[in-house]
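Colleague: Pasting a structure here, questions to come.
Read-outs throughout are calculated quantities, based only on the coordinates presented, and are distinct from any laboratory measurement. Quantities reported herein were computed from a predicted structural model and do not represent experimental measurements. Neighbour counts are summed over all protein chains in view; Cβ atoms, including those assigned to glycine, are modelled from backbone coordinates with ideal geometry.
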Amino acid sequence: MDAPPIITLTAVFKQFGRFAALRGVNAEFAAGGLFAILGDNGAGKTTLLRVLASLAQPTRGSVSILGTAELRSVRHELGYMAHPSLLYDEMSGAENLRYFGRLYGIRNSTDAGMTAVGLDPTLTRPVAQYSQGMRQRLSLARALLNDPKVLLLDEPFSNVDARSAREMVALLAQMRSAGKTIFVVTHQASLLEGTADEFVWMEAGQITNRNRELRAVETR
Amino acid sequence: MSKSSAVPSGVTAATLAKDLRLEWRSKDALNSMLFFSLLVVVVFSFSFDPNAEESRQIAGGLVWVAFLFAAVVALNQTWARELRNHVLDAYRVSPAPANSLFMAKALGNFVFVVVLEVLMTPLFIMFYKLRALGPAWQLIPVAALGTWALVVNGTFFAAISLRTRSREIMLPLLLFPVSIPALLAMVNATTAILTGELSAKFWIVLLTTYDVVFTIACLLLFELVLNAE
Amino acid sequence: MKRVFPILGLLTAVLLSYALYEALVAAPTEQTMGNVQRIFYYHVPSAWTAFLLFFINFICSIQYLVRPNPVADKLTNWTVLAIAIAACIAAFVIRPLPEGMEPSSVATTGLAIAGLYFLIKKCFSQTRTDALAVVTAEVGVVFCTVVLVTGPLWARPVWGIWWTWDVRLTSTLVLWLIYISYLMLRRFSTSGQTPVLAAALAVFGALDVPLVYFSIWIFRTQHPQPVIGGGGSIDPRMLHVLLINWLAFLFFAGLVCWSRYRLEILQREVEETQALEAMLEPRSRR
């Protein structure tokens, strides 16, 4: 992976009142890699992803994505998936994707996006009646709508059955082969063993370890 | 899939269409607001029961206070669906402009409040035996401008209230003081038209000025408010 | 700083006592209202002080919103300069001026506005501007409350009514309501960017007040109401006492604002230090 860095974090601090979620993160991430972000609760993984998604402004330091520090100008190249579903419970899957597609200027059919994650685009059920696994898949489909160069996924496998999780990992590997850079925050690191290019361990708001091997990074 | 770095267009229309569709589908909020409006009219009729002549003098005020209550109930709902699954994050991450979201929400609220007004007005006319002695057609611009005045600021302050405790009480708390000139104009214009004694022209001009000033202010400042963590 | 404060305090105490003496004893008794009129020397300076404080809050709010954005910042600078220049030109070109305005006062006001704007810009950083906004809002509300209490106290014995919807009293009431809602927003906000939200509200409030004034003015021409306080000319001796009281009130407001400001800055410094500690020290693993 000696491609030029697509994401650079320089001395990034993020504070919420008296709580310092990120305490001086310095890192470079090369393009086309699948990075697993690991760590205990409160280590700052979600905050890191939110800073990259420009949902949170760093208190100090700078972030550069795709060569620019103006993250708002590259929003069309980012895909973000969070722990809440970021979907409308009252609409069907297809309706949700169609609406969010409009936010990216996409007017074509979004059915392909649904089938890519293994969902049936003709389902008229509202998302409120989806199982958790289906909801996570739809959330991923939403993150992929605009064919982003950078994917930021926060705990995509939580509460998802083993088979769906494996299918999602296979999909992510496919996306990575297609040239996307993918960040996955997860507590289930074993799911990405053999697929992720690098495992990144965060602790107390800092990146403390990075390695291609999961065993080298896990401290227990 | 088409993708460009240009700002997407048609976001306002898409968002407005989605909101109207969802509202129509669930009809929960709509039904409860309609019933609430009916209750307000009935309560007012019991509390203020003058004869026909006096009623024309105070009807302007009564009607608009009733509309104000109904509007606050509608406005408190503005962002309810977006809050449920943190949908606003999805919006902020996309390249869609913040102002498109604002206009869509404000227009949606405008439609809801107008529906409520259309329902409440015949009831008021009936209970108070109202008849416009002045040019009745002027009531339409007054209603439109007045409703927009309440709704545009209400949508903005509803967004501010998202980041506060006691959300439902913060909205009217912030909205009422700022709306006072608009309320004065609405009430006086309506009274002028109903009694036919004075011209509503100045009030209509004032309402228009208020609407222009605050619509611009909302559009300039909404992005900051949306992105306040 | 530590030495100036007690001296200022003493000076304020002296000024206030002198002003009180002037107001209660030395000023001539008003011919129609009698001694009740003396509350006027409390009522009017409080109003002027409150308006000045709220205006400073408005300037701070605008600066807080505009400063992070260089384009908007420049635009606002030029707008403020334009207002000052326009005021100076208008003062001497527009004839006749509206009632009660003199060319020199219009021009001075325009220049004072610009001067105040750039002075605050130069002397206060972004966080300090926000601290100043909080302080002026709080102290302004106090003085505004004084206005709203002394108004009815004066009106009742003199005109027989507690309240009237005249231009000045109503505008003051709306201003008071707006700033109470401003303080409530500050208190109830859970956002990390409360200053931004509060500043937006202050801007809305500032846009609202002229509209209130104008709407009540139209209302009054359609429905004449009793006017509290009267207008027109004032006995020069009374004007003298009025100005002395205003000076004393300004000193007092300055004193209170200063202590409140220091408290606010100290509080923020404590929070920042705690945050810095949290940032630098390693946290224990759970």
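Colleague: Let me check against my output: what whole-number percent is the relative contact order of chain A, with C-alpha pairs under 8 Å and at least 6 apart? Mind dumping the intermediate values first?
Modeller: Working: 434 pairs, mean separation 61.8, N = 220.
Contact order relative to length: 28 percent.
Colleague: Pick from A:188, A:136, A:206: which residue has the top mean-square fluctuation in a GNM of chain A where Cα pairs under 10 Å get a spring?
Modeller: A:188
Colleague: What's the average, rounded to a whole number, of partner chain beta-carbon atoms within 10 Å of each residue's beta-carbon in C:209-217?
Modeller: 5
Colleague: Find how many whole Å separate the alpha carbon centroid of segment A:85-163 from the alpha carbon centroid of segment C:3-60.
Modeller: Computed from Cα coordinates, the inter-centre distance equals 66 Å.
Colleague: What ranking do A:84-92, C:11-19, C:270-278 get when scored by the average of other Cβ atoms within 10 Å per residue, highest first?
Modeller: Details: A:84-92: 20.4, C:11-19: 15.8, C:270-278: 13.4.
Those peptides, ordered most packed to least, come out A:84-92, C:11-19, C:270-278.
Colleague: List the residues of segment C:55-72 whose backbone N lies under 20 Å from a point placed 7 Å from the Cα of residue C:268 along the Cα-to-Cβ direction.
Modeller: Residues C:55-70 fall inside that zone.
Colleague: Could you list, in their original order, any pairs among C:2/C:74; C:2/C:122; A:45/A:180; B:27/B:105; A:14/C:122 whose Cα atoms are separated by more than 25 Å?
Modeller: Details: C:2/C:74 37 Å; C:2/C:122 23 Å; A:45/A:180 20 Å; B:27/B:105 17 Å; A:14/C:122 28 Å.
Flagged as over cut-off: C:2/C:74; A:14/C:122.
Colleague: Within 10 Å of each Cβ of B:169-180, how many other protein chain Cβ atoms are there on average? Mind dumping the intermediate values first?
Modeller: On the way: counts 2, 5, 0, 1, 6, 9, 1, 4, 15, 12, 1, 12.
Whole-number average of other-chain Cβ neighbours for B:169-180 is 6.
Colleague: Taking the mean number of other Cβ atoms within 10 Å as a proxy for protection, how do you rank B:188-197, A:50-59 from highest to lowest? Numbers along the way, then the final one.
Modeller: On the way: B:188-197: 21.8, A:50-59: 20.1.
So the peptides B:188-197, A:50-59, ranked by packing, come out B:188-197, A:50-59.
Colleague: Still on this structure, I have one more. Below 13 angstrom from the Cβ of residue A:82, what's the summed charge of the other residues (Lys, Arg +1; Asp, Glu -1)?
Modeller: Neighbour charge sum, excluding residue A:82 itself: +2.
Colleague: Another question, if that's okay. Using +1 on the beta carbon of Lys and Arg, -1 on that of Asp and Glu, and nothing else charged, what's the dipole of segment B:11-226 about the Cα centre, debye to 20?
Modeller: With Lys and Arg at +1 and Asp and Glu at -1, about 460 debye.
Colleague: What nm value, rounded to one decimal, do you get for the distance between residue C:20 and residue A:108 when each label is placed 7 Å out toward the C-beta?
Modeller: So the label points at residue C:20 and residue A:108 sit 8.2 nm apart.
Colleague: Cβ under 14 Å from residue A:14's Cβ, residue A:14 left aside: what net charge do those residues give with Lys, Arg +1 and Asp, Glu -1?
Modeller: +4
Colleague: What's the local net charge at residue B:14, with K and R +1, D and E -1, over the other residues with C-beta under 13 Å away?
Modeller: Values: positive: A:98, A:102, A:107, B:18, B:21, B:105; negative: A:95, B:19.
The answer is +4.
Colleague: A further question on this structure: Please state the relative contact order of chain C as a whole percent: Cα pairs under 8 Å, 6+ residues apart?
Modeller: Across chain C, relative contact order equals 32 percent.
Colleague: Now for a separate question. Quote the relative contact order of segment C:136-242 in percent (integer), defining contacts as alpha-carbon pairs under 8 Å separated by 6+ residues.
Modeller: Values: 63 pairs, mean separation 35.2, N = 107.
Once normalised by length, the contact order is 33 percent.
Colleague: Partner chain Cβ atoms within 10 Å, averaged over the residues of B:201-212 - can you pull that number for me?
Modeller: Mean number of neighbouring Cβ atoms from other chains: 2.
Colleague: Only Lys, Arg, Asp and Glu count, each charged at its Cβ (+1, +1, -1, -1), so figure out the dipole size of the protein assembly as shown about its Cα centre, rounded to 20 debye.
Modeller: About 680 debye.
Colleague: Let me ask another. Taking amide H positions as placed in the peptide plane 1.01 Å from N, state which residues far from residue A:60 in sequence (5 or more) or on other chains have amide H under 5 Å from it.
Modeller: A:13
Colleague: Residue B:38 versus residue B:80, label points 7 Å from Cα toward the beta carbon: distance in nm?
Modeller: Between residue B:38 and residue B:80, the simple spin-label model gives 1.8 nm.
Colleague: Based solely on its DSSP helices, what 222 nm [θ] is calculated for chain C when runs of n ≥ 4 H residues each add -39,500 (n - 2.57) and the sum is averaged over all residues, nearest 500 deg cm²/dmol?
Modeller: -27500 deg cm²/dmol
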